[in-house]
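Visitor: Following this message is one structure expressed as structure tokens.
Laboratory data are not the source of any read-out in this text; all were calculated from the coordinates shown. All values reported here derive from a predicted model rather than from experimental measurement. Reconstructed Cβ throughout: ideal geometry from the backbone, glycine too, with neighbour counts over all protein chains shown.
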Amino acid sequence: MEPPKISATQFTIIVILFTIGSSILIIPSGLAAASEQDAWIAGIVGLTGGLLVILLFNALSKQTPSLTLLESCEVILGKGLGKALSLVYISFFFILASTVVWDLVNFLTTHILIESPIEVISILFISLVIFATRLGLETIVRCGEIFFPWVIGLFFLWMLFTLPDVKFTNLLPVMEDGVKPIWNGATLSMSIPYLQLIVFLMISPAIRSKKTGKSLFLGTLVGGLILLTITFACLLVLGVNGTIIQSHPSYILGKKISFGNFVQRIEVIVAIIWMLTIFFKLVVLFYASTIGFAQVLGVKEYRILTFPLGIILLVLSLVVFPNDTYANEIATTSWIPYSFTICIILPLLLILIARVKKKAHKV
């Protein structure tokens, strides 16, 4: 089967959509809870740290530019240790995918489909993800190209309508509690979503360009600026307390917008942006998990794994979090060191080992 091929522009677009993903609804409240009125500063620090992490990912990718992340693990560490580390990364992608499904279902059953069974919503959405994954990477990114202008257009329209309600006094006082709250918010911001972008090392070999690193960096920057803008808007309109107490403050922000007497309750814009971006985030994670399992098992056709993995994803998404409180606790505690270990420490070790091996071969 011929390997998929995508352009640098398509890669940038899918990175932007992934970065926005589920973060558009959960990051503002998480940052506000950690850093209060300094959440916007924490967002800037987190984005800066995220861009530095992207440089790390690019450095790892350059060690074996024609291979995926899991293939690189086997080349650098050998078959045994490489497969073991590959399973660690696959589990990371798969657990992350299950939390994304949970975020989707939790949002829909909280605000829109209140009395609908969560199992039905999960089955319908995962079925769509399986269908998209079976169509292949090229189809996924082309679909992203179609919806990307709509996401960006609706985003600018949404931000425009928030302008009459902003109150800059909501950002004061600046750094009242020092640097620690900002650092707490920044680490949360890095773990969701910037560290998760390591998943794109699973598809970067498909790019028909030498600008893979630049595309990943640009996509992260644009997506991060969009998240930062949304955090700003939530703080300026809802205030610190209003942002903290809401599970999905950006959706509530859409409800509060009133522009004249004819533009009101435009939360549908938020819902459309989020549904589109979270779909692409979930598809990328599921696609990476599927081809990862195929590479570890030595299966040439990854599509035969989509249905069994889809069933496992369905079950896992139903049990991964019992409620909002537990999900928030995990996101602000154990998830941060877990993701930093998987996405920073392990890549650093891989780069170090790869360079040592190269020097040893030269000698």
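Visitor: With the crude spin-label approximation of a point 7 Å out along Cα→Cβ, what separation in nm comes out for T325 versus L55?
Guide: 4.3 nm
Visitor: In straight Cα distance, which lysines are under 26 Å from K62, not counting same-chain residues fewer than 8 positions off?
Guide: Counting by Cα, and skipping residues close in sequence, K62 has these lysines nearby: K5, K79, K83, K210, K211, K214, K281, K300, K357, K358, K359, K362.
Visitor: Kindly write out, for the stretch 35-42 in residue order, the coupling ³J(HN,Hα) from the Karplus curve 6.51 cos²θ - 1.76 cosθ + 1.60 (θ = phi - 60°), rounded to whole Hz, with x marking Gly and Pro.
Guide: Once θ is set to phi - 60°, the couplings for the stretch 35-42 become 10, 6, 5, 8, 4, 5, 5, 4 Hz.
Visitor: While we're here: Once you have the Cα-Cα distance between I353 and D165, take 0.36 nm times their residue separation minus that, and quote the gain in nm to one decimal.
Guide: 62.3 nm
Visitor: Going by amide H atoms built from the backbone, whose H comes under 5 Å of the H on I6, apart from near neighbours?
Guide: It is I207, R208, by chain and number.
Visitor: In debye to the nearest 20, how big a dipole does the stretch 8-355 give about its Cα centre with +1 on each Lys and Arg Cβ and -1 on each Asp and Glu Cβ?
Guide: Dipole about the Cα centre, nearest 20: 1060 debye.
Visitor: The stretch 263-354: which trypsin sites (Lys or Arg not before Pro) are DSSP loop and have at most 12 other beta-carbon atoms within 10 angstrom?
Guide: When the trypsin sites (Lys or Arg not before Pro) of the stretch 263-354 are filtered for loop state and at most 12 Cβ neighbours within 10 Å, R265, K300 remain.
Visitor: Modelled label-to-label distance, T139 and S66, 7 Å Cα→beta-carbon offset: nm?
Guide: The modelled label-to-label distance comes out at 2.9 nm.
Visitor: Identify which of the listed values of Kirkwood radius over Cα pairs in Å was calculated from the structure shown: (1) 20.9; (2) 22.3; (3) 21.6.
Guide: After the calculation, the listed value that fits is (1).
Visitor: Quick one: among G213, G30, G178, which has the greatest mean-square fluctuation in a GNM of the chain with alpha-carbon springs under 10 angstrom?
Guide: G178
Visitor: So how do 152-163, 43-54 stack up, highest first, on mean other-Cβ count within 10 Å?
Guide: 43-54, 152-163
Visitor: While we're on this one: Tell me the angle of helix 306-319 to the major Cα principal axis of the chain, expressed in degrees between 0 and 90 and rounded to the nearest ten.
Guide: In the chain, helix 306-319 runs at an angle near 40 degrees to the longest axis.
Visitor: Next question, about the same structure. Go from 0 up to the bin containing the longest alpha carbon distance in the stretch 105-237, width 10 Å each, and give me the % of pairs per bin.
Guide: 9, 23, 36, 24, 8, 0
Visitor: Along the stretch 284-292, what does the Karplus equation 6.51 cos²θ - 1.76 cosθ + 1.60 (θ = phi - 60°) give for ³J(HN,Hα), rounded to whole Hz, x for Gly and Pro?
Guide: The phi angles translate into 4, 5, 5, 4, 4, 5, 5, 5, x Hz.
Visitor: Below 8 Å, C-alpha to C-alpha, sequence gap of six or more: please give me the relative contact order for the stretch 8-355 in percent.
Guide: 41 percent
Visitor: Per-residue counts of other Cβ atoms within 10 Å, averaged by peptide: what ranking do you get for 61-70, 229-238, 188-197, highest first?
Guide: Result, highest mean Cβ count within 10 Å first: 188-197, 229-238, 61-70.
Visitor: Please list 73-86, 132-145 highest first by mean number of surrounding beta-carbon atoms within 10 Å per residue.
Guide: Most protected by this proxy first, the peptides run 132-145, 73-86.
Visitor: Count the net charge of all other residues whose Cβ sits under 13 Å from the Cβ of F286, scoring Lys and Arg as +1 and Asp and Glu as -1.
Guide: +3
Visitor: If you don't mind, there's one more thing I want to ask. Summing +1 for each Lys or Arg and -1 for each Asp or Glu, what net charge is found among the other residues whose Cβ lies under 14 Å from the Cβ of K180?
Guide: -4
Visitor: Within the stretch 43-75, name every residue whose backbone N is under 14 Å away from a label modeled 7 Å from Cα of L81 along the Cβ vector.
Guide: 73-75
Visitor: Given a Förster radius of 25 Å and the C-beta distance between Y338 and L297 as r, what FRET efficiency does 1/(1 + (r/R0)^6) yield to the nearest 0.05?
Guide: That gives a FRET efficiency of 0.50.
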